[in-house]
Amino acid sequence: MGAVCTNYAQGDTKEKELSNAEKFSSKSGTLIQKEFLDVGKINKAEIKVIYYTDLITLETVSAVRIEYEVASSYSTDTKIASLDADEMDGLIKSIKTMQEKVFPETPANYMEISYKSRGGFEAGCYWEKKGWATYLKLEKYDGKSYVFLKKEDFPELLSLLEKSKEMLKT
């Protein structure tokens, strides 16, 4: 009977997926410094570059961080996505592809297109009767972590992501 309860409890939990930078910063037995650099904002979502430095080994890792405050009736909660430096090219290319090849099309059926990072971040679009709707989803298992954008916001998003990429330490 105890095994049944254990299996049920295990199937119910969903752990947050971590980027490599988040894994680096949460290693036990290390002294980690975090430096945050502001890049810009899009639809109340803040884009930052974060430098993690292990002050003992002097190893550094950098990542792009997107933060979005979600207000409920009782409190506010900050949703956070972290993108590793090696994921930025794929995300930028995906945003450009959506702008150049997806948005000009008018599909006959409902369609969804998305880019996903190893940490659970998602950027994408879906077809509505009125046209393409665009979004960022900061946390994989959190339906409250969506940042809805307009198709016209994508050039600004692309500019902020390119600026972020240039600021990353490689």
Open item on the list: Among the listed pairs Lys16/Lys96; Lys27/Lys169; Lys16/Lys165; Lys44/Lys129, which have their C-alpha atoms separated by more than 22 angstrom in this model?
Closed with: Lys16/Lys96; Lys16/Lys165; Lys44/Lys129
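Ranked by accessible surface with a 1.4 Å probe, highest first, in what order do Thr76, Thr53 come? Before the final figure, lay out the partial values.
On the way: Thr76 90, Thr53 20 Å².
Sorted by accessible area, descending: Thr76, Thr53.
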TODO: Consider the candidate values (i) 1.00; (ii) 1.18; (iii) 1.37; state which one is Cα Rg over 2.2 N^0.38 Å computed from the structure displayed.
DONE: (ii)
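Return the loop-located GluC sites (Glu not before Pro) in segment 80-131 (DSSP other than H, G, I, E, B) with at most 16 other Cβ atoms within 10 Å of their own Cβ; answer none if there are none.
Answer by residue number: Glu105.
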- [ ] Would you please name the trypsin sites (Lys or Arg not before Pro) within segment 67-170 that are DSSP coil residues with at most 10 other C-beta atoms within 10 Å of their C-beta?
- [x] Lys129, Lys130
Open item on the list: Tell me which chymotrypsin sites (Phe, Trp or Tyr not before Pro) from segment 56-161 have a DSSP coil assignment and no more than 14 other beta carbons within 10 Å of their own.
Closed with: Tyr74, Tyr110, Tyr141
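Any idea what the dipole of the chain comes to, in debye rounded to 20, about its Cα centre with Lys/Arg Cβ at +1 and Asp/Glu Cβ at -1?
Values: 25 positive and 28 negative charges, 50 e Å.
It comes to approximately 240 debye.
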- [ ] Would you calculate the separation in nanometres between label points at Ala108 and Leu37, each defined as 7 Å from the Cα along the Cα-to-beta-carbon direction?
- [x] 5.0 nm
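State whether segment 50-151 is rounded, prolate or oblate according to the following rule on the C-alpha gyration tensor (a ≥ b ≥ c being the square roots of its eigenvalues): a/c under 1.5 gives rounded; otherwise a/b larger than b/c gives prolate, and the remaining case gives oblate. Could you put the intermediate results ahead of the total?
Numbers: a/c = 3.30, a/b = 1.50, b/c = 2.20.
Judged from the Cα gyration tensor, segment 50-151 comes out oblate (a/c at least 1.5, b/c at or above a/b).
For the pair Ile56 and Arg118, what calculated FRET efficiency results from E = 1/(1 + (r/R0)^6), where r is the Cβ-Cβ distance and R0 = 35 Å, to the nearest 0.05? Each step should come with its number before you reach the end.
On the way: r = 26 Å, r/R0 = 0.74.
For R0 = 35 Å, the calculated efficiency reads 0.85.
The values are calculated or read from the model by the stated rules, or taken from the named source; none is laboratory data. Everything quoted here is computed from the prediction, not taken from an experiment. For neighbour counting, all protein chains shown are included, and Cβ atoms are generated from backbone atoms with ideal geometry for every residue, glycine included. Please note that ligands, DNA and RNA were not included when accessible areas were found on the heavy atoms of the full protein model with its side chains. Shrake-Rupley method; radii C 1.70, N 1.55, O 1.52, S 1.80 Å.
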